[in-house]
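The values are calculated or read from the model by the stated rules, or taken from the named source; none is laboratory data. Computed from a prediction, not measured in an experiment: that's the story for all the values here. Heads up, the Cβs are rebuilt from the backbone with ideal geometry, glycines too, and the neighbour counts pull from every protein chain shown. When the accessible area is computed, the model is the full protein with side chains, heavy atoms only, and any ligands, DNA or RNA have been set aside. Shrake-Rupley method; radii C 1.70, N 1.55, O 1.52, S 1.80 Å.
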Amino acid sequence: YPWETIKEYQEIIFSYYEGIAKISINRPHKRNAFTPLTVKEMSEAMEIARQDERVGVIILTGEGGEAFCSGGDQSVRGHGGYVGEDSVPRLNVLDLQMQIRRIPKPVIAMVAGYAIGGGHVLHVVCDLSIAADNARFGQTGPKVGSFDGGFGASYLARIVGQKKAREIWYLCDQYDAQEALDMGLVNKVVPLDQLEETTIAWCRKILDKSPIALRMLKASFNAELDGQAGIQQLAGDATLLYYLSEEAKEGKDAFLEKRKPDFSKFPKFP
Ligand code: 2NE
């Protein structure tokens, strides 16, 4: 596919093709483990994709075919977080997880190879996951001295159930693509050489649909788990729709024209 580069980065590839933005971690020599810089770049790309009106769906993936992402780069893990060039320890991937949930466009994880540790959580928080037949999933936290008790625990449990989520974290086993499909952790499994083609076909089906309906559905699916923050997102979307109405415009126009608003002509629906 003729992907065109949206912006050049050091540790990711960020490209565009027919309504789709693709954010791909480009550290295959480390199984696409992320550093603070990788996450900073992904976060900026996600924001650009959010603002870009051409983009209706985002693919999150990793380069090389052997790994989606193997989590935080343990070689830059320091005292209190992952350390970047500024010597500051960070866990900025947690902000990226929030961004993936907040962006009002579907995000699809396109998983070839390993989705492990913090890399597994990244696919978990995506709206949909499409796996190649070589995909392998798992958490490693208790083995390597880490854990993600946020979406990595609670949202994982919503997806696969409490017993299975606890098994995944307590045992740190790996699961193949078919096992992941059986437990509802991914939406589809395809041969590796059909992964991108299938993901693009899914993106195209989504791009044919109503953007506001998709936006409302994403916010609605999130609202239950995200509590007050989820309600805020959904309520913001309701405000967006209200602003589009003549009734809301009457309030604003009356203020600007220094007159009393006349809402009498608007229906009081049962
Ligand atoms: C991913 C996995 C299972 C792949 O195994 P394999 O055998 O295919 O590859 P190998 O030889 O282990 O890895 C290839 C190279 O990539 C590096 C390796 O050290 C190796 O380097 P060289 O020996 O060739 O120099 N590499 C792979 N993953 C890395 C990583 N995460 N950090 C640094 N270097 C890495 C296997 O590699 C594996 O199990 N990787 C570690 C997975 C892991 O434990 N990730 C961190 C979990 S904690 C986390 O991500 C996290 C969190 O819990 C909470 C908040 C934020 C993050």
Task: Crossing angle, helix 195-207 versus the chain [Cα axis fit, 0-90 degrees, rounded to tens] - done: 10 degrees
Open item on the list: Taking amide H atoms as placed 1.01 Å from N in the peptide plane, list the residues 5 or more away in sequence, or in a different chain, whose amide H sits under 5 Å from that of LEU91.
Closed with: TYR82
Task: Alpha-carbon radius of gyration plus Dmax, which is the widest Cα pair, for region 105-191 in Å - done: 11.7, 35
TODO: Return the single residue from HIS123, HIS79, HIS29 with maximal mean-square fluctuation; model: Gaussian network over the chain, springs between Cα atoms under 10 Å.
DONE: HIS79
Open item on the list: For LYS268, give me every one of the aspartates and glutamates with a C-alpha distance below 19 angstrom, ignoring sequence neighbours fewer than eight places off in its own chain.
Closed with: GLU246, GLU247, GLU250
Task: Surface accessible to a 1.4 Å probe, per residue, for the residues of the chain, Å² - done: 52 Å²
Open item on the list: Starting from 0.36 nm per residue, how many nanometres of slack lie between SER264 and VAL88 once their C-alpha separation is accounted for?
Closed with: 57.5 nm
Task: Distance from region 241-270 to region 36-72 (C-alpha centre basis), Å - done: 41 Å
Open item on the list: Greater than 30 Å separation of Cα atoms is the criterion. Which listed pairs, LYS209/LYS249; LYS7/LYS164; LYS30/LYS205; LYS205/LYS265; LYS105/LYS188, meet it?
Closed with: LYS7/LYS164; LYS30/LYS205; LYS205/LYS265
Task: Mean Cβ neighbour count within 10 Å, used as a protection proxy, ranking 221-229, 54-62, 236-244, 182-190 highest first - done: 54-62, 182-190, 221-229, 236-244
Task: Cα centroid of region 176-196 to Cα centroid of region 74-102, whole Å - done: 28 Å
Task: Debye intensity ratio in log₁₀ form over the Cα atoms of region 30-174, taken at each q of 0.10 Å⁻¹ - done: -0.32
Open item on the list: Sort 93-101, 211-219, 19-27 by the packing proxy (mean of other Cβ within 10 Å over each peptide's residues), most packed first.
Closed with: 19-27, 93-101, 211-219
- [ ] First obtain the Kirkwood hydrodynamic radius of the chain from its Cα pairs, then insert it into the Stokes-Einstein equation at 4 °C and 1.567 mPa s, and state the resulting D in µm² per second as a whole number.
- [x] 65 µm²/s
Open item on the list: What is the angle, in °, between the Cα long axis of helix 246-256 and the longest principal axis of the Cα atoms in the chain? Nearest 10 is fine, range 0 to 90.
Closed with: 70 degrees
Task: Amide hydrogen neighbours beyond the local backbone of PHE68, cut-off 5 Å, H modeled - done: ALA112, TYR114, ALA115
TODO: Determine the share of the chain's accessible area contributed by carbon and sulfur atoms, expressed in whole percent, with a 1.4 angstrom probe.
DONE: 55 percent
Task: Pair GLU53, ALA248: separation of 7 Å Cα→Cβ label points (nm) - done: 1.7 nm
Open item on the list: For the chain, what does the helix formula give at 222 nm: sum of -39500 (n - 2.57) over DSSP H segments with n ≥ 4, over the residue count, nearest 500 deg cm²/dmol?
Closed with: -14000 deg cm²/dmol
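Among DSSP bridges having both ends in the chain, what percentage is antiparallel? Round to the nearest 5.
Rounded to the nearest five, the antiparallel share is 40 percent.
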